[in-house]
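Following: one structure in structure tokens, then a few remarks.
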Amino acid sequence: MFGITEMDEQRRRFLAQSAVAGGGLAALSLGQPLRGLANEASPAPVVPRGKAEHCIMIWLGGGSSHIDTWDPKRMGDAKTKKPGSYYPSIETAVPDTQVCEHLPKCAQILDRFNIVRTVHHDVIDEHAAATNQVHTGRPTSGTVVYPSVGSIVAHKRGPASEHAPGYVLIGYPNVTRGPGFLGAKAGYIYLTDTKSGPAGFSRAPHITAARQTRREDLLRRVRDEYRKQLPAGSVVSDYDTTISEALRLSGPKFANVFELDSESASLRESYGGEFGQRCLLSRRLLQSGVRFIEVSHNLNFVNGTGWDTHNDGQLKQHVLIQELDDALSALVLDLEQHKMLDKTLIVVASEFGRPAQFDGGGGRGHYSKAFSVVLAGGGMNNGKTIGVTDELAMKIESDPVSLPDLHATIHNAMGIDPHEELYTPDDRPVPITDNGRPIAALFS
């Protein structure tokens, strides 16, 4: 296993024995359930560390239907309540792998992708809890706030340029995407408009560079005096970090990233609408040195419900799928054109999937026992389909992938040891993943 020393192993064995004797000491000490201890008893395959430099997570908020996108099955019928796919399937560039008919552009280049069809967890009816678990790789804890995958990548790798932040969220901010116990330095910059950068980073036109320097000097002296008078707690430290980051990014180099009009009209059109422009901006942000980007595609106004396709939301689900197809295929080809695809891991994820059955209104409920996550680029062994589900995409038949395993795969692709321990402010060790193992077939 990666990063497990003899001392680590002895500590884990002690905690496991204590849990049996004392009713859960290991879970309390590690801040997580004991699901991984059984895995440690079996040998883990040696997995080479990946060499990706950047990561883009495309977030399909609401629970995208895997049986209607990446894991199609026999046709169903919403009117007669016959379980099955809502759309016909089509062949792809990967032999024996089909996808929904509304993903034709991605189908043609699926050899740059990997579909992981057997991701699973236990949260079904609570969007927020499921979203948090997919982002952190762990259940919510009452004693510690775990960092998101984006914050861990930002913490471990940092920005690739002094003119860029480590982590950008394109969409609305949420604690599930945050740094948790890692603190503000591993937090994100968020954007809701692709046409301009964060308003707080831009100084007014009448403020000259000399005047800005004087203002920053005054602010520094005020902050220094404040710290002398009051103990420096986490709130003060986080504020200082945020101010310093805003000042660092206030120059023109970062602002120029948002000039999408500098790209050709044909390229902008290939990406599609608002979501597509977010993906185009993501490529430009990567070029500026951003390490991790999350792009939200939960635009409810497109079909009335976003990806949470209960009842009538199912009727226009294809519009969302077509938008995803346009933007994702354009992003992959654009990164490839710029010779960045092997250096960029793309992750397409949602908090859970949808069942094969239809609800009373003709839509679908929630389902987390088996759903799909798509990985692309990143220098992995692409063109693979990981895992098999049953005839209704509801039961895993082979190669289950837990959320810790998914996180271990992402971190490993980014050159991060998924078993390394991080430390909370009170010096409590927390492994980067909950004993997750990278999907070996993607790295061998």
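The values are calculated or read from the model by the stated rules, or taken from the named source; none is laboratory data. If you're wondering where the values come from, they're calculated on a predicted model, not measured in any experiment. Here the Cβ is made from the backbone with ideal geometry for all residues, glycine too, and neighbour counts use every protein chain on show.
Here Ile293 meets the list (1) modelled with pLDDT under 95; (2) part of a strand (DSSP E or B) almost entirely, failing just condition (1).
Within the stretch 174-195, the set of residues being outside any loop (DSSP other than H, G, I, E, B) and either over 16 Å from Val290 (Cβ atoms) or not assigned by TED's automatic domain parsing to the domain that holds Thr143 (or both) comprises Val175, Thr176, Gly180, Phe181, Leu182, Ala184.
Can you work out which of the residues in the stretch 329-365 that are closer than 23 Å to Asp405 by Cβ and touching a Lys or Arg at 6+ places or on another chain (Cβ under 7 Å) is surrounded by the fewest Cβ atoms within 10 Å (Cβ to Cβ)? Of everything passing the filter in the stretch 329-365, Pro355 is surrounded by the fewest Cβ atoms within 10 Å (Cβ to Cβ).
Among the candidates Gly180, Gly158, Gly166, Gly150, the residue that is surrounded by fewer than 18 Cβ atoms within 10 Å (Cβ to Cβ), under 17 Å from the mean Cα position of the chain (by Cα) and at pLDDT 90 or above is uniquely Gly158.
Restricting attention to the stretch 141-171, the residues that are in contact with a Phe, Trp or Tyr (Cβ under 8 Å, 6 or more places away or on another chain) and among the polar types (S, T, N, Q) total 1. Only one of the numbered conditions (1) outside any helix (DSSP H, G or I); (2) of a type in the set (D, E, K, R); (3) modelled with pLDDT under 95 is not met by Lys316, and that is (1).
Beta carbons closer than 7 Å, at least 6 apart along the sequence or on distinct chains, pair a first residue in the stretch 89-110 that is small (Gly, Ala, Ser) with a second that is loosely packed, with under 15 Cβ neighbours inside 10 Å and assigned to a loop (DSSP other than H, G, I, E, B) for Ala107/Ala93.
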